[in-house]
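Note sheet for the following structure.
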Amino acid sequence: MERAEAYGFSGAMSGAFLLSCLLFAAVSRRQRGPYMDEVFHVPQAQAYCYGRFLQWDPMITTLPGLYLLSVGVVKPAAWLLGWTGSVVCSVGMLRFINLLFSAGNFYLLYLLLFKIHQKNKAVSGFQRILSALTLAAFPTLYFFTFLYYTDPGSVFFTLFSYLMCLYGNHKTSALLGFCGFMFRQTNIVWTVFCAGNVVAEKLNEAWKIELQKKKDEKISFRKGSFSDLTRILQFLVEYLLSPKNLVTLTALTWPYIILVSLFFVFFFINGGIVVGDRSSHEACLHFPQLFYFLSFTVFFSFPHLLTPTKIRKFLLSLKKHPVQYSLVTVISLLLIWKFTYVHKYLLADNRHYTFYVWRKVFQRHELVKYLLVPFYLFAGWSFADTLKSKSIFWILMYFVCLLAVTVPQKLLEFRYFILPFLIYRLNIPFLSLYRQLLELAFYILVNAVTFYLFLNRTFQWENSDEVQRFMW
């Protein structure tokens, strides 16, 4: 990192943290008590603060990583600063933990952008800083910086694990992956993703050698035609069936294998992935979740995905491959018809944006969910097109992880899309400076509207005296 870039990054990070502190103070003044899921998280953390480690709220679905870390930070700080009484593990102090995670996420996003795109000499230090600032302000994640939720910590440990993986420190990566798993069990998928990075790199090297041996340079592993894909899948099967290759891959990924094995032990003993309240968190094959994620990604990455050039390219692709697109359309319609689920929370809780998205869009008419298929096709094509700089093996590995982390979820919840979105966004090429600034301005606007609604547009339910607020 050059000195000017280091100063620029320090200034951006300091400014962002100062602004977050001011916003944190405003949120804390308006909402002093626990809100939404904080009603479960805060008392559980306070029980740990008072040494009651055997106490557990059965409504909590995640492992106690957030509470253990909170005690590990708050208790020493209270001892050093001489705090006593209720201030030690107050709602404000516990929320402040996520503000620290937010600063850590900013730094990790910058380091990941630097590492992933280090070969691209055309990217300036200012662009890296701007992109890191934009992702740190990603609305769905940034909002939960100011509440005591698991999301900022879950993202922190997962991004840290990914960074260590890219630097080849796989034992540290697996250890950090375990910390992420303790925040949210589905983060085990991103441990598999880290192992998959190693496997994809080896596969890519072997595939290039295979092409060189056969002197068949005309067949590219990035074309994406059906014949190429068939040949790649055949190579993949042959490579993975080789005992020598399996030994090599196991030697490289054994820390991740151990962690995934521990996950399966946990899954078997626990009888499922959810710790508590299983009736409201049942796994299912909810394939339209993939379509919701693609729509979510187009919305938040429209400078990357929704451009006139991409629309023209998509229409040309549609004209060139009508049979393939027709087949994908039919499959999509069948998946929507047979595998659309509507969770009771989605219909009952009018505090979340998803409630209004579902009511204003999907509930307008029974046919709406089918009429959106052309948009899903464009979103999927544009999404894949921005990843064409990655190897086909990386794309396959990411797609498998994306399916694993979204499809089993019955509830449409934007928080479930945070990590797959960030991993995707980190790995696509940089835009022009103008489009980067447009993306940042859009995130700032969405955050401003979100916090305005949360702080000022309160309402009450008929059967409750508590103040209700709009949120992600």
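The values are calculated or read from the model by the stated rules, or taken from the named source; none is laboratory data. As the structure is a computational prediction, the values presented were derived from the model and not from experiment. Methodologically, a virtual Cβ is constructed for each residue, glycine included, from the backbone with ideal geometry; neighbour enumeration extends over all protein chains shown. Ligands, DNA and RNA are stripped out before the accessible areas are found, and what is left, the full protein with its side chains, is counted by its heavy atoms. Shrake-Rupley method; radii C 1.70, N 1.55, O 1.52, S 1.80 Å.
Using a cutoff of 8 angstrom between alpha carbon atoms and counting only pairs six or more residues apart, the relative contact order for the chain works out to 19 percent. Unpaired Cys in the chain, meaning no second Cys C-beta under 4.7 Å: 21, 179, 284, 401. Taking segment 120-140 and a reference point 7 angstrom along Cα→Cβ of residue 4, the backbone N atoms nearer than 13 Å belong to 124-127. Too long at a 23 Å Cα-Cα cut-off: which of 119/388; 320/388; 313/410; 119/390? Pairs exceeding 23 Å: 313/410.
How big is the gap, in Å, between the Cα center of segment 394-415 and the Cα center of segment 1-52? That distance is 28 Å.
Helix content alone sets the calculated 222 nm mean residue ellipticity of the chain: runs of n ≥ 4 DSSP H residues at -39500 (n - 2.57) each, divided across all residues, give -22500 deg cm²/dmol.
Across segment 76-150, Cα-Cα distances exceeding 17 Å account for 56% of all pairs. Given that just one value was derived from the coordinates, which of (i) -0.32, -0.66, -0.81, -1.13; (ii) -0.39, -0.83, -1.01, -1.45; (iii) -0.57, -0.92, -1.03, -1.23 is log10 I(q)/I(0) by the Debye sum over Cα atoms at q = 0.07, 0.10, 0.11, 0.13 Å⁻¹? Only one listed value fits the structure, namely (ii). Close amide H partners of residue 412, meaning residues 5 or more places away or on another chain with modelled amide H under 5 Å apart, are 343.
By average Cβ neighbour count within 10 Å, what is the ranking of 280-292, 178-190, 98-110 from highest down? Don't jump to the answer; show the numbers that get you there.
Numbers: 280-292: 18.1, 178-190: 23.3, 98-110: 21.2.
Top to bottom by mean Cβ count within 10 Å: 178-190, 98-110, 280-292.
With the convex hull constructed from alpha-carbon coordinates only, segment 283-431 shows a mean projected area of 9.3 nm² over all directions. Could you list the chymotrypsin sites (Phe, Trp or Tyr not before Pro) in segment 4-58 that lie in coil according to DSSP, counting only those with at most 12 other Cβ atoms within 10 Å of their Cβ? Taking segment 4-58 and a limit of 12 other Cβ atoms within 10 Å, the loop chymotrypsin sites (Phe, Trp or Tyr not before Pro) found are 50, 53.
Mean silhouette area of segment 1-88, derived from the convex hull of its C-alpha atoms and averaged over all directions, reads 8.4 nm². Accessible area per residue for segment 283-431 is 46 Å², calculated with a 1.4 Å probe on protein heavy atoms, without ligands, DNA or RNA. Helices assigned as whole DSSP H runs in the chain whose Cα atoms extend at least 30 Å along their own long axis and whose mean Kyte-Doolittle hydropathy is 0.0 or higher are found at 3-30, 91-116, 188-213, 243-270, 433-456.
Dividing the alpha-carbon radius of gyration of segment 117-159 by the rule-of-thumb value 2.2 N^0.38 Å gives 1.45. Which residues does a label at residue 55 reach in segment 74-96, if reach means a backbone N under 19 Å from a point 7 Å past the Cα toward the Cβ? 74-76, 84-95, by backbone N distance to the label point. Put the Cα centre of segment 140-198 next to the Cα centre of segment 301-377 and the gap is 29 Å. Note that segment 362-367 has calculated 3J(HN,Hα) couplings of 6, 8, 5, 7, 4, 7 Hz, one per residue in order, obtained from phi through the Karplus relation 6.51 cos²θ - 1.76 cosθ + 1.60 (θ = phi - 60°); glycine and proline are x. Here the Kirkwood formula, the inverse mean of 1/r across different C-alpha pairs, assigns segment 22-158 a hydrodynamic radius of 16.3 Å.
Rolling a 1.4 Å probe across the protein heavy atoms gives segment 7-62 an accessible surface of 55 Å² per residue. If only the Cβ of Lys and Arg carry +1 and only the Cβ of Asp and Glu carry -1, the dipole of segment 283-431 around its Cα centre is close to 240 debye.
Let's test the formula: R0 of 30 Å, r as the Cβ-Cβ distance of residue 244 and residue 212. What FRET efficiency results, to the nearest 0.05? It would help to have the intermediate numbers written out before the result.
Numbers: r = 20 Å, r/R0 = 0.65.
The pair residue 244/residue 212 has a calculated efficiency of 0.95.
Shown for the chain: the carbon plus sulfur share of the solvent-accessible area, taken with all protein chains present and a 1.4 angstrom probe, equals 67%.
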